[in-house]
């Protein structure tokens, strides 16, 4: 009763249409990129790669895998996923004759049609059809398009190692694309590649000696699809990734086309962001005369904290000029923009200092540069920026001036695992490298993207309710919308914790390192500068807008991470300069015409609230004589810091929080040789900067 049907509509697939929030079409993509080639042009070794990867019994089976089909049906019915084992014949039938819906009826048709096709079509023709219809990512359908997309050659020029990589891609094209895969994706595709070659040896299609010499064939950098110029390419790339990774649309469904995808980008705010990058940064760069200027890569993401939608994004000079989006890349240290996360964890978990004092904005710590951290399993003694000794200071003051020695100790007091768990709960991927590397995590030694940091700070702005920024508002095909998850989730941290963090971060802008970001509305934010000035950050927010700006030093030829020092001809680059200036110019334009907004804070601590008690000195007069901040030849003095203010604003006085439960600071052991931190935010002794 089931006939072998005609080919499906993928051969005449429609384009995907992308619109901004106002309905304007900005891109069309999704046309099938396929060049059919006969099996005779595909090297036998490459043919065998795919059989070894997908269906070792292909040449002898009847076209179906009943055990795999049963497993697929069971998974579908039990809700444990929709993937099941399929032969090459079944995959060909699914790609060529059927749709991609994972339903029981579609599986049944696939089974019957596969049996009939195996009876009526030769194995060579089936393999030919499979290799010309499989989807490989990068918009490539068929092995010829894949060979060009990943290795820049015709399929006839592929070797067995390259063929094994392409065969590995079929399982998960987006996750396994080496150019955009994270550490876990690269690990998985490498394992899959080894699996394919080992099967080749097992099937006697590859000599063991050749297998032993085989090396992983890293593919070339992707070439952008036609028409995806300027920032639009970055929008489309992120939208596709979010749709595919969330499971709303499969890779193949998206690539087949026909979708109308409405993005959350606000054209007005997008123009404001691009203008801010130009006026505050790129117009001041001269790559021809200053080598460092050619290495400057800015990225930014701006989010509405109440809806979770991305309203503006800057990925780089343009998608066709700089393919990797600086808005979503996560290979640079976030530096001191991580410090608020450590503080949030301490508040959320009701942490105490080494001598039992509750940690809040007014808790006093020893801010001596290179002070050995107490209570850590590994020695750690980070220097402060410029080696400044602050003496006894509050957590508020330490956040304002980004004091490394304080936050390294605070992270240990809060519990390093708890700090890492808080970061994950707020939106940092659990697989983030360096997230559990010891006390240095408080200084932001891990990599994260402006997108990730914008989401974390938006969660603080949203009173602790988790924000996972999304660029897709809707995706519709043939009148049927894809089921999208809400960008707003459950409570990541309590409102009391989130509001306390916001209150403290207003001090960074009013009287600390982020003064260039001051606005008519309340502003909370944090600067960050990584080792050797390779990255610089400002992530901040008003009550209605959250924006993370990152600046990354990347060698224009090699792609290696390099210093930003000297960019723009100003010598030093840190979070308080270009990133904060871009943030300030953008936010001022984006909220112009609106009334000044003030944070609605449910907290009694931090710079954002007026203290009820008399204002104490940052260094309490009651500090005990034995305090390392007041005795000994190396006793530091508390430097005088005059708040820097926005040119159009009157000076903002520094407001100190309420006094701590106990005025006595910890009494750490200061003897012994300090230990270099080996990485982290704003911590290199002798390297100037705000932190």
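Listed values, structure above:
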{"quantity": "Neighbour-count ranking [beta-carbon atoms within 10 angstrom, fewest first] of 220, 471, 249", "calculated": "220, 249, 471"}
{"quantity": "FRET efficiency, residue 484 to residue 62 (Cβ-Cβ, R0 51 Å, nearest 0.05)", "calculated": "0.80"}
{"quantity": "Residues 323, 150 arranged by fewest to most Cβ contacts within 10 Å", "calculated": "323, 150"}
{"quantity": "Tail beyond 17 Å, pair distance distribution of the range 177-224 (Cα, percent)", "calculated": "43"}
{"quantity": "Estimated FRET transfer efficiency when R0 is 35 angstrom, pair residue 476-residue 116 (beta carbons, to 0.05)", "calculated": "0.50"}
{"quantity": "Inter-site label distance for residue 570 and residue 215 at 7 Å from Cα along Cβ, in nm", "calculated": "4.3"}
{"quantity": "Residue order, fewest to most surrounding Cβ atoms within 10 angstrom, among 178, 193", "calculated": "178, 193"}
{"quantity": "Residue 25/residue 241 FRET efficiency (R0 25 Å; Cβ-Cβ; nearest 0.05)", "calculated": "0.75"}
{"quantity": "Dmax and Rg, reported as Rg then Dmax, of the range 460-592 (C-alpha, Å)", "calculated": "18.0, 56"}
{"quantity": "Theoretical gain in end-to-end length, residue 354 to residue 157 [0.36 nm per residue, Cα-Cα removed]", "calculated": "64.5 nm"}
{"quantity": "Ranked packing of 531-539, 18-26, 327-335, most packed first, by mean Cβ within 10 Å", "calculated": "531-539, 327-335, 18-26"}
{"quantity": "Solution diffusion estimate, µm²/s, Stokes-Einstein, the range 199-295, Kirkwood Rh from C-alpha pairs, 25 °C, viscosity 0.890 mPa s", "calculated": "132"}
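Each value in this text was obtained by applying a stated rule to the coordinates, not by laboratory testing. Since the model is a prediction, treat every value here as computed from it, not as a measurement. Ideal geometry is used to build each Cβ from the backbone, glycine not excepted, and the neighbour counts take in all protein chains shown.
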